[in-house]
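Just so it is clear, none of the values below were taken in a lab; they were calculated from the coordinates. Fair warning: this is a prediction, and the values are worked out from it, not measured in the lab. Glycine also receives a Cβ, built like all others from the backbone with ideal geometry; neighbour counts cover every protein chain displayed.
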Amino acid sequence: MKKVVILGGGVAGTIVANLLAKKLRPDEAEITVVDKTGRHVYQPGFVYVAFERQKPEKLVHDERKLLRKRVKLVVGEAVKIDAEGKEVTLADGKVLEYDRLVVALGARLTPDELPGYNGAAHHFYSLEGAVELRKALESFRGGKIVVTVASVPYKCPPAPSEAACQLDYYFTKRRMRDKVDIHFLSPLSRIFPLEPVNPVVEKVFTEHNVRFTIFFNAESIDPKAKTVNSIEGETVPYDLLVMVPPHRGAKVVEDSGLGDRGGWLPTDKATLRTKAHPDIFAAGDCTDVPVSKSGAAAHFQAKVIAASVVADLRAEPATARYDGHVMCYCDAGYHKGIAMSFDYEHPPVPPPLGLKDWLGKRFLNRVYWLLVPAGRV
């Protein structure tokens with residue numbers, strides 16, 4: 001019997017496991033998911049936790065309940081991948097052998113990499129961070145809020161500009177928008193990562209008095225002076241700082257010598273096999289695949305990986321290819337949203353801003369647990 005080990009119980013890892021359990025007979029493969037906490041967390045909901053529109057506990061489910069019964073779940077942390085020996089070592093010393101390995105460990109937040117970050121900045125890139133940001137917003141009585149990112153790449157590239165829109169809506173509802181100055185700092189040549197969508201977001205910012213500065217690459221934070229300093233030599237003051245923390249690839253990838261300088265796993269963008277080891281697949285935020293680091297990308301990548309693993313184990317040609325497809329929504333506040341669908345060859349069409357796509361995001365948030373982890377969509 002062949003052995004498939006999947007590292008990570010997030011969206012990609014869970015979908016791969018469930019699709020393999022569906023497509024492969026029990027005598028064909030043993031499927032094991034290794035997850036550090038055994039909890040499946042819906043990360044797109046973090047921003048709503050920060051703005052008091054979602055309860056934190058609604059975003060966490062027991063991973064065991066999301067997996068098909070024949071999938072084994074090991075709650076533990078992978079600390080070493082031996083790509084030559086085809087083994088994964090866990091923190092408790094247990095060793096798992098594999099014929100095919102799927103790495104879906106996501107990205108790692110590394111706030112220590114930016115001088116002054118800890119204790120000065122808030123973020124919504126973890127459940128704990130979102131809760132702390134909510135508390136900070138509740139007690140905020142006015143002043144300047146700066147929204148920016150510490151470095152690129154980072155998860156969900158549209159999220160910072162979405163947060164700026166949510167801040168505008170949040171303080172408007174609290175009837176104190178006139179007391180809040182929102183300043184968005186972008187490291188890019190535009191405020192939104194996807195160029196075709198940028199004019200739509202720029203118009204929203206302008207209409208709702210969200211100031212913005214481009215080409216601002218953060219170098220450090222001065223917590224005492226309450227300023228953010230850029231590589232370009234600019235200094236921007238703040239009363240409340242919302243900054244996406246620095247990101248790196250998965251620690252076990254880095255520690256095992258499999259990652260690049262940022263810890264990202266070099267991965268073929270079409271086959272999703274790692275470039276150095278074809279029997280190791282990678283999906284989602286931990287890779288260097290040139291698409292957004294998001295569940296919206298991992299979702300589609302997982303299906304390609306599942307099909308390829310099945311083909312490999314049956315000694316059939318693996319013909320599945322990932323075309324870079326991503327489909328996601330952004331909430332602009334005021335019951336208005338943007339939908340974006342694109343791939344390697346087709347950039348997103350500049351979308352209308354309206355109620356339909358705002359409802360689309362709300363619908364996805366509600367049906368996620370039923371449809372996505374099981375691979376039904």
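Things worth noting here:
- Local electrostatic count at ARG141 - Lys and Arg +1, Asp and Glu -1, tallied over other residues with Cβ under 14 Å: +2
- Taking each residue as 0.36 nm, the span from LYS203 to SER126 lengthens on full extension beyond its C-alpha to C-alpha distance by 24.8 nm.
- Taking a sphere under 15 Å around the Cβ of HIS299 and counting the other residues whose Cβ falls inside, with K and R at +1 and D and E at -1, yields a net charge of +2.
- Cα Rg, Dmax, segment 279-377, angstrom units: 15.6, 53
- Derived value for segment 1-153: Kirkwood hydrodynamic radius 17.7 Å. Basis is the mean of 1/r over every pair of different alpha-carbon atoms.
- Euclidean distance of C-alpha centroids, segment 248-282 and segment 180-216, integer Å: 33 Å
- Among the lysines of segment 240-326, pairs that are 8 or more positions apart or on different chains and have alpha carbons within less than 18 Å of each other number 4.
- Partner aspartates and glutamates for LYS80 [C-alpha distance under 20 Å; skip if fewer than 8 residues away on the same chain]: ASP35, ASP92, GLU97, ASP99, GLU254, ASP255, ASP260, ASP279, ASP285, ASP288
- Within straight-line reach of LYS179, meaning a Cα separation under 16 Å, sit the following aspartates and glutamates at least 8 residues removed in sequence or on another chain: GLU138, ASP168, ASP239.
- Under 14 Å, Cβ to Cβ, from PHE215 - net charge with Lys/Arg +1 and Asp/Glu -1: -2
- From helices alone, the chain scores -8000 deg cm²/dmol at 222 nm; the rule is -39500 (n - 2.57) for each run of n ≥ 4 DSSP H residues, then divide by the residue total.
- Unit Cα scatterers, Debye sum, segment 111-245: log10 I(q)/I(0) for q = 0.21, 0.22 Å⁻¹: -1.41, -1.54
- In this entry, the chain is assigned a mean projected area of 18.2 nm², taken as a quarter of its C-alpha convex hull surface.
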